[in-house]
Amino acid sequence: MINRYLEKTWVQYLCLTTVVGLLVYYFGWVFDFGYKFDWSVLYKEDPSYGEVLGGMLVTGLNLTVSISLMSSAIALGLGILFGLGRLSQFKPVYYFSTCYVEFFRNTPLLVQLFFWYFALPMGLPEGIRNFLFDQNFEMLAATVGLGIYTSSFMAEVIRAGIQSIPKGLLEASYSSGLTPFQTLTKIVLPLAFRAIIPPLGSEFLNNMKNSSLAMVVGVPELCWASQQIEGMTFKGFEATTAATVIYLSLSLTIAGILTLVNWKLQIVPVKDRTMGHKFAHLLFWPFEAPFAFLAKMHRRMKRKRQDDFNLSRAQAARKAFLAKLSKVLGFVWKATFLVCLAFLIFSAVYGVSKFNFQVIRDNIGTLLWWRFPQGDPNEILWGLGGLSFSIIMSVIAISVSFFIGLIVGIGRTSKNKLFLIPSTLYIELIRGNPLIMVIFWIYFFIPILTGHFLNVFWSATIALTVFTGAYLAEIVRSGIQNLPPGQFEAAVSTGLTYWQAMRKIILPQALKQMLPAIVGQFIAIFKDTSLAFVIGVLELTFVAQGLNNRLMIYPFEIYTTVAFLYFICCYLMSLVARRLERKLSTETFRLQM
Amino acid sequence: MKRFMTLALAAALVMAFAATAFAGATYDKIMKDKVIRVGIMTDSIPGAFYNAKKEWVGFDVDIANEIAKRMGVKIDQVPVSNKTRIGFLQQGRIDISVSNMTHKRSRDNSIDFSITYFFDGQKMLAPKGKFSTLKDFVGKRVAVMQGTTSELNVKNLLKELGDAAPKVISYQKESECFQALQMGRVDAWSTDSTILLGYSAQVPGKYELVGDFFSNEPYGIGLVEDDSKLRDTVNFTLQDMWKDGTYEKIYNKWYGPDTKYYFPLTEKIEMWP
């Protein structure tokens, strides 16, 4: 009876409206927050400080946008470079690109930013250091650091995209006489980019959200601005809400642009184009037109010069010379690359050899388990901290968020609005915000809502769980939607119910496809435990900072050890992921350039 | 579906009950539970920090323990940072906050403060021999900590001295400010002088405090808003500690002439007859 009504859309909307209404009524009039809201701090001039504090948010937004744009450009450039490098047949390039990608992908951005900002200048000669410091070094370090971090993810996306191109196309293009470079630019890249755009887009989005970490090196961006207002007026709720709303609208804008790009790139016959496609084409026309014009002119010029099979002597000599020249240049290039690589390895080894290893030896225990088991009785887990704390946090977050992701992901594919709308809201709200914001929210508002105070450890773990849940839900959704719809129809027509079909037919297949992505998300969450340091959880980064604070003069030793510890854990997980990917892939062939 | 609705209803009810359980005077709660929860910093040398043996020690820790002892309750030390100390107080996660907080009028809108229990002021820390007066810092880069009053004080000072666009860079932690100073990213670091003393004592002879105090930083113990019983108790306890010499003993343990952080005690705390 109830079920039949619940299938009607208007009933579903009515239910949702009622629930929302009840929530608004409850939290608006009944619930006592124990907090005096004062939104005027955002738009009125503050008497103690003599300025409108909301203005900081605007300047912060400005910086966030410019950091995001610049670092995206850097990331895309480097990402293409190293993505192609990972396909190179020249082994040193391949190994170097692989090391680059693996290293930057498997250490937390936070640690990397600390390194670029605090440690790197110490290794540079005085003149260069002073030159750097005369520039806006905070911005420089944050932008380049962020760009390099994101580029390692983009490189992987690009590599995967290129390798997904069927071998036959490549053979066809070679056999039609195109050079490898032409094959790359005319066949592989255009096709690959279509496949790459969606995952690349989410990297741009992540890049924007990660820019919130620039605040740790003193860049006054959006997250910094909200913290600043909080620090000056102690009105944390208002400042955090304002920043959240801004981040969310930024994310939605980026997502909107990406959808438009997607529409633009879809190959749809003119008559089948929807409004969206038409709009996208109209919007991108001004950007596309100059290139189209150039290409046309280029084609026209080129057409005149035709290659003859019967070469004159001069032409043959020229061709032979060019071939020789390119060979020599190729050799020179390879030699230069090897020399640079050797220098890099040498300086890295030399730098490490000058480390004070005694410091590392003395403190490795602290970094691994803090003061376990000699902690106070009211400390959580007998004073455990450091790396083992990070591991425990991520294990809890991973195991719980997996189920959240599964349920919400299924809800996201449901046709019933009662499940669809809340799931979508949850996913978009969480994914639209930086993790650091989610941590602040959970930390400050769980106590208000429940009246119980959580240990920082638990609130950080909950934040990580909620955050990962949203990402896993998206993975689950795409996994389910990637299956041919016939599967579900066939299952239901054999008499299985919705849940039976899901559990026995759809999910087993979808999960198999999703595994690499899920493991990738697990790696991400392990790295993200480092962000819990902002609320003072005694995890690895926090302990490292405390150590650095006390020892003072060994930042290189400590940060390198920390990066190394994170790297080992993440790399082991990514090895597992790669093995899974290989095991699950139907095609064993891998494209090489 | 039915089960879902029941669950939702149950969740709403639980929340409603939780809300009513939330209220209650802090002082009565402390006396009932015989536990006082105190927010203390973890990385402020020598205010409150983890020493080499990973013990939580410092001036603030001793003051907090003494207050708890005199109130006849047990202490529950809660780590806080300059980001969390206020939120914790407002939500009742901690009862009092002994975490070098400058008493400011605009901050008094959100929480209450005890009488001043420590007198500090802001100074500049710079490499030895490079600067002699505050005027020398015009046009130079200065590090400060975010979420503190020192940031604005520095900006105002530099503006007064004739710096049109002060170059002030704010970091999240004290250790980061000091690191920036060490690597030469900034020419000076400015915050409360005791913190500066604590850090410069780690590398003796390299850094010095320059110029006079340019702001008053009276530290108060943070208290929940509108609980006069608790405020009176804390104020009286502080005055008792001063009267019988315990305060001086604790002070000399951390800031006395025999310590690395020598900082002469020049003022008296407010005494009510």
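Do the conditions hold for A:Y471, that is, is it among the aromatic types (F, W, Y) and within 14 Å of chain B (Cβ to nearest Cβ)? So that I can check it myself, show each step before the final result.
Numbers: among the aromatic types (F, W, Y): yes; within 14 Å of chain B (Cβ to nearest Cβ): no.
Spelling it out, it is not the case that A:Y471 is among the aromatic types (F, W, Y) and within 14 Å of chain B (Cβ to nearest Cβ).
Regarding the stretch A:438-452, can at least one residue be identified that is over 20 Å from A:L213 (Cα atoms), over 17 Å from the mean Cα position of the chain (by Cα) and outside any helix (DSSP H, G or I)? Break it down stepwise before answering.
Applying the first criterion (over 20 Å from A:L213 (Cα atoms)) to the stretch A:438-452 yields A:445-452.
Now narrow it down to the ones that are over 17 Å from the mean Cα position of the chain (by Cα): A:445-452.
Going one step further and asking which of them are outside any helix (DSSP H, G or I), we end up with A:451-452.
Looking through the stretch A:438-452, at least one residue is over 20 Å from A:L213 (Cα atoms), over 17 Å from the mean Cα position of the chain (by Cα) and outside any helix (DSSP H, G or I).
Quick test of your reading of the structure: A:T241 fulfils all but one of (1) surrounded by fewer than 20 Cβ atoms within 10 Å (Cβ to Cβ); (2) under 22 Å from A:Q521 (Cβ atoms); (3) modelled with pLDDT of 85 or more. Name the failing condition by number.
(2)
Residues to consider are A:F542, A:F533, A:F556; find the one that is modelled with pLDDT under 90, part of a helix (DSSP H, G or I) and open to solvent by 50 Å² or more (accessible area, probe 1.4 Å).
Details: A:F542 fails: open to solvent by 50 Å² or more (accessible area, probe 1.4 Å); A:F533 fails: open to solvent by 50 Å² or more (accessible area, probe 1.4 Å).
From the options A:F542, A:F533, A:F556, the qualifying one is A:F556.
Open to solvent by less than 50 Å² (accessible area, probe 1.4 Å), more than 14 Å from every other protein chain (Cβ to nearest Cβ) and over 28 Å from A:L406 (Cα atoms), is that true of A:L547? Before you say what the answer is, go through the steps one by one.
Working: open to solvent by less than 50 Å² (accessible area, probe 1.4 Å): yes; more than 14 Å from every other protein chain (Cβ to nearest Cβ): no; over 28 Å from A:L406 (Cα atoms): yes.
For A:L547, the condition - open to solvent by less than 50 Å² (accessible area, probe 1.4 Å), more than 14 Å from every other protein chain (Cβ to nearest Cβ) and over 28 Å from A:L406 (Cα atoms) - is not met.
Is there a residue in the stretch B:75-95 that is among the charged types (D, E, K, R), within 12 Å of chain A (Cβ to nearest Cβ) and part of a strand (DSSP E or B)?
In the first step, residues of the stretch B:75-95 are kept if they are among the charged types (D, E, K, R); the result is B:76, B:83, B:85, B:93, B:95.
Next, only the ones that are within 12 Å of chain A (Cβ to nearest Cβ) stay: B:76, B:83, B:85, B:93, B:95.
Within this subset, residues satisfying the condition of being part of a strand (DSSP E or B) are B:76.
Within the stretch B:75-95 (the criterion being among the charged types (D, E, K, R), within 12 Å of chain A (Cβ to nearest Cβ) and part of a strand (DSSP E or B)), the answer is yes, since at least one residue qualifies.
Just checking, does the stretch B:22-29 include any residue being within 12 Å of chain A (Cβ to nearest Cβ), crowded, with 20+ Cβ neighbours inside 10 Å, modelled with pLDDT of 85 or more and in contact with a strand residue (DSSP E or B) (Cβ under 7 Å, 6 or more places away or on another chain)? It would help to see each step written out before you state the result.
First pass over the stretch B:22-29, keeping only residues within 12 Å of chain A (Cβ to nearest Cβ): B:22-24, B:26.
From the residues that got through so far, the ones that are crowded, with 20+ Cβ neighbours inside 10 Å too are B:26.
With modelled with pLDDT of 85 or more added as a condition, the list becomes B:26.
Now drop any that are not in contact with a strand residue (DSSP E or B) (Cβ under 7 Å, 6 or more places away or on another chain), which leaves none.
Within the stretch B:22-29, none of the residues are within 12 Å of chain A (Cβ to nearest Cβ), crowded, with 20+ Cβ neighbours inside 10 Å, modelled with pLDDT of 85 or more and in contact with a strand residue (DSSP E or B) (Cβ under 7 Å, 6 or more places away or on another chain).
Counting only residues that are under 17 Å from A:K417 (Cβ atoms) and not in a helix (DSSP H, G or I), which one in the stretch A:1-60 is farthest from the other protein chains (Cβ to nearest Cβ)?
Looking at the filtered set, the residue picked out is A:K8.
Pull out all pairs, ordered by first then second residue, where Cβ-Cβ is under 6 Å, the residues are six or more apart or on different chains, the first lies in the stretch A:415-430 and is under 18 Å from A:T17 (Cα atoms), and the second is crowded, with 18+ Cβ neighbours inside 10 Å and modelled with pLDDT under 85.
Hits for this filter: A:K417/A:Q12; A:L418/A:Q12.
Which members of the stretch A:96-154 meet the condition of being within 14 Å of chain B (Cβ to nearest Cβ) and β-branched (V, I, T)? I'd like the intermediate steps shown before the answer.
Here is the first cut: in the stretch A:96-154, the residues within 14 Å of chain B (Cβ to nearest Cβ) are A:110-111, A:113-142.
If the condition is that a residue be within 14 Å of chain B (Cβ to nearest Cβ) and β-branched (V, I, T), then A:V111, A:I128 are the ones that fit.
From the list A:L252, A:L260, A:L248, A:L282, pick out the single residue that is touching a residue at least 24 places away in the same chain (Cβ under 8 Å) and open to solvent by 60 Å² or more (accessible area, probe 1.4 Å). Walk me through how you get there before you give the answer.
Details: A:L260 fails: open to solvent by 60 Å² or more (accessible area, probe 1.4 Å); A:L248 fails: open to solvent by 60 Å² or more (accessible area, probe 1.4 Å); A:L282 fails: touching a residue at least 24 places away in the same chain (Cβ under 8 Å).
Of the residues listed, the single one that is touching a residue at least 24 places away in the same chain (Cβ under 8 Å) and open to solvent by 60 Å² or more (accessible area, probe 1.4 Å) is A:L252.
Table: residues versus (1) open to solvent by less than 10 Å² (accessible area, probe 1.4 Å); (2) basic (K, R).
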{"position": "B:V78", "(1), (2)": "yes, no"}
{"position": "B:L89", "(1), (2)": "yes, no"}
{"position": "B:S99", "(1), (2)": "yes, no"}
{"position": "B:H103", "(1), (2)": "no, no"}
{"position": "B:R107", "(1), (2)": "yes, yes"}
{"position": "B:G121", "(1), (2)": "yes, no"}
{"position": "B:A126", "(1), (2)": "yes, no"}
{"position": "B:L134", "(1), (2)": "no, no"}
{"position": "B:G139", "(1), (2)": "no, no"}
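Here is a yes/no grid of residues against (1) aliphatic (A, V, I, L, M); (2) closer than 25 Å to A:R578 by Cβ:
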residue: A:E126; (1), (2): no, no
residue: A:R129; (1), (2): no, no
residue: A:D134; (1), (2): no, no
residue: A:I148; (1), (2): yes, yes
residue: A:S152; (1), (2): no, yes
residue: A:P180; (1), (2): no, no
residue: A:T185; (1), (2): no, no
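Conditions (1) within 14 Å of chain B (Cβ to nearest Cβ); (2) in contact with a His (Cβ under 9 Å, 6 or more places away or on another chain); (3) of a type in the set (D, E); (4) free of Cβ contacts under 8 Å to residues at least 60 places away in the same chain, marked per residue:
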position: A:G168; (1), (2), (3), (4): no, no, no, yes
position: A:S176; (1), (2), (3), (4): no, no, no, yes
position: A:F181; (1), (2), (3), (4): no, no, no, yes
position: A:E221; (1), (2), (3), (4): yes, no, yes, no
position: A:Q228; (1), (2), (3), (4): yes, no, no, no
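Taking the criterion of being part of a loop (DSSP other than H, G, I, E, B), within 11 Å of chain B (Cβ to nearest Cβ) and either open to solvent by less than 50 Å² (accessible area, probe 1.4 Å) or among the hydrophobic types (A, V, I, L, M, F, W, C) (or both), would at least one residue in the stretch A:194-216 satisfy it?
Residues of the stretch A:194-216 that are part of a loop (DSSP other than H, G, I, E, B), as a first pass: none.
Within the stretch A:194-216 (the criterion being part of a loop (DSSP other than H, G, I, E, B), within 11 Å of chain B (Cβ to nearest Cβ) and either open to solvent by less than 50 Å² (accessible area, probe 1.4 Å) or among the hydrophobic types (A, V, I, L, M, F, W, C) (or both)), the answer is no, since none of the residues qualifies.
Only one residue in A:F291, A:F237 is within 14 Å of chain B (Cβ to nearest Cβ) and part of a helix (DSSP H, G or I). Which one? Break it down into steps so the answer makes sense when it comes.
Numbers: A:F291 fails: within 14 Å of chain B (Cβ to nearest Cβ).
On inspection, the qualifying residue turns out to be A:F237.
Determine if the stretch B:39-50 includes at least one residue that is modelled with pLDDT of 90 or more, surrounded by 12 or more Cβ atoms within 10 Å (Cβ to Cβ) and away from chain A (no Cβ under 13 Å).
no
Listed here are the residues, each with its yes/no results for (1) touching a residue at least 60 places away in the same chain (Cβ under 8 Å); (2) crowded, with 16+ Cβ neighbours inside 10 Å; (3) within 14 Å of chain B (Cβ to nearest Cβ).
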site	(1), (2), (3)
A:G486	no, no, no
A:T497	no, no, yes
A:Q521	no, yes, no
A:A563	yes, yes, no
A:V576	no, no, no
A:L580	yes, no, no
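Condition check ((1) among the hydrophobic types (A, V, I, L, M, F, W, C); (2) touching a residue at least 40 places away in the same chain (Cβ under 8 Å)) across all residues:
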| position | (1), (2) |
| --- | --- |
| B:T194 | no, yes |
| B:A201 | yes, yes |
| B:F214 | yes, yes |
| B:E217 | no, yes |
| B:Q239 | no, yes |
| B:Y251 | no, yes |
| B:W254 | yes, yes |
| B:P257 | no, no |
| B:T266 | no, yes |
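With the checklist (1) open to solvent by less than 20 Å² (accessible area, probe 1.4 Å); (2) among the aromatic types (F, W, Y); (3) farther than 21 Å from A:I535 by Cβ in hand, flag the one item A:F402 doesn't pass.
(1)
Would you pick out the residues in the stretch B:148-183 that are surrounded by fewer than 20 Cβ atoms within 10 Å (Cβ to Cβ) and facing chain A (nearest Cβ under 7 Å)?
Listed by number, the residues that qualify are B:L152, B:M183.
Looking at B:F113, B:F118, B:F137, can you tell me which residue is touching a His at 6+ places or on another chain (Cβ under 7 Å) and at pLDDT 85 or above? Spell out the reasoning first.
Working: B:F118 fails: touching a His at 6+ places or on another chain (Cβ under 7 Å); B:F137 fails: touching a His at 6+ places or on another chain (Cβ under 7 Å).
The unique qualifying residue is B:F113.
Going through the stretch A:420-434 one residue at a time, which ones are open to solvent by less than 10 Å² (accessible area, probe 1.4 Å) and in a helix (DSSP H, G or I)?
The one that is open to solvent by less than 10 Å² (accessible area, probe 1.4 Å) and in a helix (DSSP H, G or I): A:I427.
For the stretch A:21-44, enumerate the residues that are free of Cβ contacts under 8 Å to residues at least 24 places away in the same chain and loosely packed, with under 12 Cβ neighbours inside 10 Å. Can you show your working first?
Residues of the stretch A:21-44 free of Cβ contacts under 8 Å to residues at least 24 places away in the same chain: A:21-32, A:36, A:40, A:43-44.
Within the stretch A:21-44, A:G21, A:V24, A:Y25, A:G28, A:W29, A:V30, A:D32, A:K36, A:Y43 meet the criteria.
The values are calculated or read from the model by the stated rules, or taken from the named source; none is laboratory data. Values in this document were obtained by computation on a predicted structure and should not be read as measured data. Every residue, glycine as well, gets a Cβ built from its backbone with ideal geometry; the counts of neighbours run over all protein chains shown. Surface areas here come from the heavy atoms of the whole protein model, side chains and all, with no ligands, DNA or RNA. Shrake-Rupley method; radii C 1.70, N 1.55, O 1.52, S 1.80 Å.
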